[in-house]
Amino acid sequence: MSRIGNKFIIIPKNINIKVKYNKISVKGKLGKLKIKINKNIKILIKENKINLINKNNKYKGLHGLYRMLIYNMIYGVTKGFKKQLELIGVGYKAEVYKKGRILILNLGYSHNIIFHVCKEINITIDYIKGANYIINLHSIDNQLLGIVASKIRSLKKPDRYKGKGIRYKNENIILKPGKTV
């Protein structure tokens, strides 16, 4: 059996959870999230705890996965998730237009890159003169936030020799040595 799937989830007081057939919806102060669950995973809600039961031993991996997805939904609608990306390189810039829906990046190419962001994600830019640009991504959906952060990072991955590019805040990049004479 899955060890993570067997753990119960504590429901905070200000959260509404509805289970109908194979769908679970979580509503909190920051928003509402829904997910469809495999029919072989049963959801039990007692008092302020959620427990997932694996009906068939065949779906061990899904048992722990759905438990963590539900936990992330509850955490997202109460506190929200945040990811930070850092632009490292001379002349690399980021700007936000149309209330955080369009991100324009200058990454050393001959043209600017225009990145359209979905309405579920809020983007802000932090810049202190003499430091790097930092892109802040906020959302209640952790899965969507990770996908968008990954796509932005893939526009200019960190160089292995100089370290230039887009990286997650506090990400450690091991630089390769250059040519030796």
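For this structure, a couple of remarks:
- At most 14 other Cβ within 10 Å, DSSP loop - chymotrypsin sites (Phe, Trp or Tyr not before Pro), segment 72-109: Tyr109
- The portion of the accessible surface of the chain made up by carbon and sulfur, rounded to a whole percent, is 51 (1.4 Å probe; DNA, RNA and ligands excluded).
- Ranked order, Val90, Val19 - accessible area, probe 1.4 Å, largest first: Val90, Val19
- C-alpha center-to-center spacing [segment 1-44, segment 119-157] in angstrom: 27 Å
- Averaging 1/r over each pair of different alpha-carbon atoms in segment 1-106 and inverting the result gives 16.1 Å, the Kirkwood hydrodynamic radius.
- Average accessible area per residue (Å²) across segment 1-118 - probe 1.4 Å, nucleic acids and ligands excluded: 66 Å²
- When the Gaussian network model of the chain links Cα atoms closer than 10 Å, the mean-square fluctuations of Ile125, Ile140, Ile114 top out at Ile114.
- Cβ-defined net charge surrounding Ile11, 13 Å radius [Lys, Arg +1; Asp, Glu -1]: +4
- Only protein heavy atoms count here; on that basis, with a 1.4 Å probe, His138 has an accessible area of about 70 Å².
- When percent of Cα pairs over 25 Å apart is computed from the coordinates, the matching label among (1) 53; (2) 49; (3) 28 is (2).
- Estimated 222 nm signal from helices in the chain, with DSSP H stretches of n ≥ 4 weighted -39500 (n - 2.57), rounded to 500: -6000 deg cm²/dmol
- Cα extents for segment 63-156 along the principal axes, largest to smallest and rounded to whole angstrom: 47, 24, 22.
- For the options Gly76, Gly64, Gly28, a Gaussian network treatment of the chain with springs between C-alpha atoms closer than 10 Å singles out Gly64 as fluctuating the most.
The values are calculated or read from the model by the stated rules, or taken from the named source; none is laboratory data. Quick caveat, the model's predicted, so the values are computed rather than measured. All Cβ positions, glycine included, derive from the backbone under ideal geometry; neighbour counts span all protein chains shown. Each accessible area value is taken on the protein alone, full model and side chains, heavy atoms only, with ligands, DNA and RNA left out. Shrake-Rupley method; radii C 1.70, N 1.55, O 1.52, S 1.80 Å.
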